[in-house]
Amino acid sequence: MNGVTGRMGYRQHLLRSVLAIRDDGGVLLPDGSRLQVEPVLVGRRAERLAEIAELHGVAEFSTDLDAVLADRTAAVYFDAQVTSERTKAILKAAAAGKHVYTEKPIA
């Protein structure tokens, strides 16, 4: 999840969506099992990422987007960054073979 230090990325996307799903036990699948969601927080401000991670029990955070995109266990790239940074990061994620979710289109 890139951009969670911003107001919308933090409140709407991280707190109200992803962490709510995680805290509810994950996504309920048709067979009755659950797929758990474990975010990796990405941003420019390490101190703020560390605060958010500690506050919400998130194990992983980084300021190194390239390293996170190289991690094969992170299958989905979620972008909630400032609009001017979105296109470059989304194209990097797609090139790294990630599924991409973004709050706004880039075209």
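At a glance:
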{"read-out": "Flag for T87 being within 21 Å of D23 (Cα to Cα), β-branched (V, I, T) and modelled with pLDDT under 95", "value": "no"}
{"read-out": "Count of the range 76-90 residues which are small (G, A, S) and free of Cβ contacts under 8 Å to residues at least 40 places away in the same chain", "value": "1"}
{"read-out": "Output for the range 1-17, where each listed residue is crowded, with 21+ Cβ neighbours inside 10 Å and of a type in the set (A, V, I, L, M, F, W, C)", "value": "M1, V4, L14"}
{"read-out": "Count of the range 20-36 residues which are open to solvent by less than 50 Å² (accessible area, probe 1.4 Å) and touching a Leu at 6+ places or on another chain (Cβ under 8 Å)", "value": "1"}
{"read-out": "Subset of the range 37-72 (residues that are over 13 Å from the mean Cα position of the chain (by Cα) and open to solvent by 90 Å² or more (accessible area, probe 1.4 Å))", "value": "R44, R45, E47, E51, E54, L55, R72"}
{"read-out": "Pairs where the first residue, in the range 40-57, is closer than 17 Å to H13 by Cβ and the second is in a strand (DSSP E or B), C-beta under 6 Å, 6+ apart", "value": "V40/E60; L41/F61; V42/N2; V42/S62; L49/L41; L49/F61; A53/L41; A53/F61"}
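The values are calculated or read from the model by the stated rules, or taken from the named source; none is laboratory data. These numbers were taken from a predicted model, which means no experiment stands behind them. We place every Cβ from the backbone using ideal geometry, glycine too, and count neighbours over all the protein chains shown. With ligands, DNA and RNA removed, areas are computed over all heavy atoms of the protein, side chains included. Shrake-Rupley method; radii C 1.70, N 1.55, O 1.52, S 1.80 Å.
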